[in-house]
Amino acid sequence: MANPTRRNLLLGAGAGAAALTAGKANGLIPPDATGLYGCGHTLTYAAQKLLVGNAHAREFPPSKISAINHPKDTFPRGEAFQQLKAGGFADWKLQIDGLVATPQTLTIADLRSHPTSSQITQLICEEGWSYIAQWAGVPLSHILQLAGPKPAARYVVYSAMDEWVDAIDMNDALHPQTIVTHTMNNAPLPIGHGGPLRLRVPRQLGYKSLKFLNKITLTDSLKGVAGESSYSWFAGI
Ligand SMILES: Nc1nc2c(c(=O)[nH]1)N[C@H]1C(S)=C(S)[C@@H](COP(=O)(O)O)O[C@H]1N2
Ligand SMILES: [Mo]
């Protein structure tokens, strides 16, 4: 028997307007749906949600962990980062605010006292390279629970000390593989890979795994956020 959901999607692919209408009813429209590439983004997002659903990113055995290189060995410029580094990042703070009942400020030591989840997954850059590593940290869902999301919260906007900003929806935010990562290959996350803290979002392309994470803000819209990146907002792999 044909899968009706899949058939609807394929029919929709032949008629963007119909896909948009159907998608609005089914919650399949990403926030960057309008504009030049809107229709394509919508179909990617809808296809992922319908065909992949809440599937997990593939996990690998320890034997597959890559010998690490640093294709993007960048770090935040400026005195503030150097001072935090000199102090062993003891004063690094992760702030959680926006549409939450109880805003939080957590240090790396605080985070280490919370439940840890570990995964061996692949980070895939949109430029065509990738590597496999073990990542460990606190599930974002746990951190959101501490802060108590308000019912209006729909997106998690997250930002970094080098001023990168990105966002995911609640579906990805609450996914068990989305983790606030402080450990890589059983050692503190190196600066070259975003230490001391990065958000690992293994179901999407590498640029969604934001390095130097220091702020998480819950919002009901992505107005003024999604437009800042030249990359597609949804980067499912
Ligand atoms: N804060 C911040 N996060 C970032 C980036 C960045 O420049 N700054 N680069 C992104 C891109 S494009 C990729 S592919 C990955 C690279 O991760 P890696 O340094 O562990 O290889 O980090 C992502 N997260
Ligand atoms: Mo990338």
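The values are calculated or read from the model by the stated rules, or taken from the named source; none is laboratory data. From a predicted model like this one, the values you see are computed outputs, not experimental measurements. Here the Cβ is made from the backbone with ideal geometry for all residues, glycine too, and neighbour counts use every protein chain on show. Quick note on the areas: whole protein, heavy atoms, side chains included, nothing else; ligands and nucleic acids left out. Shrake-Rupley method; radii C 1.70, N 1.55, O 1.52, S 1.80 Å.
Hey, among the residues in region 133-170 that are open to solvent by 20 Å² or more (accessible area, probe 1.4 Å) and within 16 Å of ligand 2 (Cβ to nearest atom), which one's nearest to Gln104 (Cα to Cα)?
Val165
Among the residues of region 192-213, are any of a type in the set (S, T, N, Q) and over 25 Å from Leu84 (Cβ atoms)?
Checking region 192-213: at least one residue is of a type in the set (S, T, N, Q) and over 25 Å from Leu84 (Cβ atoms).
Are any residues in region 96-154 closer than 24 Å to Ala235 by Cα and polar (S, T, N, Q), and if so, which ones?
Listed by number, the residues that qualify are Ser117, Ser118, Gln119, Thr121, Gln122, Ser130, Gln134, Ser141.
To keep it simple, each residue is scored yes or no on (1) of a type in the set (A, V, I, L, M, F, W, C); (2) within 14 Å of Ala147 (Cα to Cα).
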| site | (1), (2) |
| --- | --- |
| Ala80 | yes, no |
| Ala86 | yes, no |
| Ala90 | yes, no |
| Ile96 | yes, yes |
| Ala101 | yes, yes |
| Thr105 | no, yes |
| Ile108 | yes, no |
| Ser113 | no, no |
| Thr116 | no, no |
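Scan His175, His182 and give me the residue that is buried (at least 18 other Cβ atoms within 10 Å of the Cβ), within 23 Å of Trp92 (Cα to Cα) and more than 16 Å from ligand 2 (Cβ to nearest atom).
Just a single option satisfies the conditions, and that option is His182.
Results for (1) within 22 Å of Asn54 (Cβ to Cβ); (2) free of Cβ contacts under 8 Å to residues at least 60 places away in the same chain, shown as yes or no for each residue.
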site	(1), (2)
Ala167	yes, no
Asn185	no, no
Leu197	no, no
Leu205	yes, no
Lys208	yes, yes
Ser221	no, no
Gly236	yes, no
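Quick test of your reading of the structure: Ser118 fulfils all but one of (1) of a type in the set (Gly, Ala, Ser); (2) more than 16 Å from ligand 2 (Cβ to nearest atom); (3) surrounded by fewer than 15 Cβ atoms within 10 Å (Cβ to Cβ); (4) farther than 15 Å from Ile179 by Cβ. Name the failing condition by number.
Result: Ser118 fails condition (4) only.
Taking the stated definitions as given, is Asn171 away from ligand 1 (no atom under 14 Å from the Cβ) and within 24 Å of Pro30 (Cα to Cα)? Even if it seems obvious, please write down each step before you answer.
Numbers: away from ligand 1 (no atom under 14 Å from the Cβ): yes; within 24 Å of Pro30 (Cα to Cα): yes.
In short, yes.
Search region 181-232 for residues being within 23 Å of Ala152 (Cβ to Cβ) and assigned to a loop (DSSP other than H, G, I, E, B), and hand back the single one that is nearest to ligand 1 (Cβ to nearest atom).
Filtering region 181-232 for residues that are within 23 Å of Ala152 (Cβ to Cβ) and assigned to a loop (DSSP other than H, G, I, E, B), the one nearest to ligand 1 (Cβ to nearest atom) comes out as Val201.
Kindly check whether there is at least one residue in region 41-60 that is at pLDDT below 70, closer than 21 Å to Ser232 by Cβ, within 13 Å of ligand 1 (Cβ to nearest atom) and surrounded by 11 or more Cβ atoms within 10 Å (Cβ to Cβ).
The answer is no, given that none of the residues of region 41-60 is at pLDDT below 70, closer than 21 Å to Ser232 by Cβ, within 13 Å of ligand 1 (Cβ to nearest atom) and surrounded by 11 or more Cβ atoms within 10 Å (Cβ to Cβ).
Restricting to region 213-228, name every residue that is under 14 Å from Phe89 (Cα atoms) and within 13 Å of the chain's Cα centre (by Cα).
The one that is under 14 Å from Phe89 (Cα atoms) and within 13 Å of the chain's Cα centre (by Cα): Leu213.
Tell me the strands (runs of 3 or more DSSP E) entirely within region 102-170 that contain at least 2 residues that are within 25 Å of Thr74 (Cα to Cα) and out of contact with any Ser or Thr (no Cβ under 9 Å at 6 or more places or on another chain).
Values: elements: 104-107, 117-124, 130-139, 155-160, 165-169.
Of the strands (runs of 3 or more DSSP E) lying wholly inside region 102-170, those with at least 2 residues that are within 25 Å of Thr74 (Cα to Cα) and out of contact with any Ser or Thr (no Cβ under 9 Å at 6 or more places or on another chain) span 104-107, 117-124.
Residues that are out of contact with any helix residue (DSSP H, G or I) (no Cβ under 6 Å at 6 or more places or on another chain) and surrounded by fewer than 17 Cβ atoms within 10 Å (Cβ to Cβ): does region 192-201 have at least one?
Scanning region 192-201, I find at least one residue that is out of contact with any helix residue (DSSP H, G or I) (no Cβ under 6 Å at 6 or more places or on another chain) and surrounded by fewer than 17 Cβ atoms within 10 Å (Cβ to Cβ), so the answer is yes.
Modelled with pLDDT of 95 or more and open to solvent by less than 30 Å² (accessible area, probe 1.4 Å), is that true of Gly236? Give the derivation first.
Values: modelled with pLDDT of 95 or more: no; open to solvent by less than 30 Å² (accessible area, probe 1.4 Å): yes.
No: the conditions fail for Gly236.
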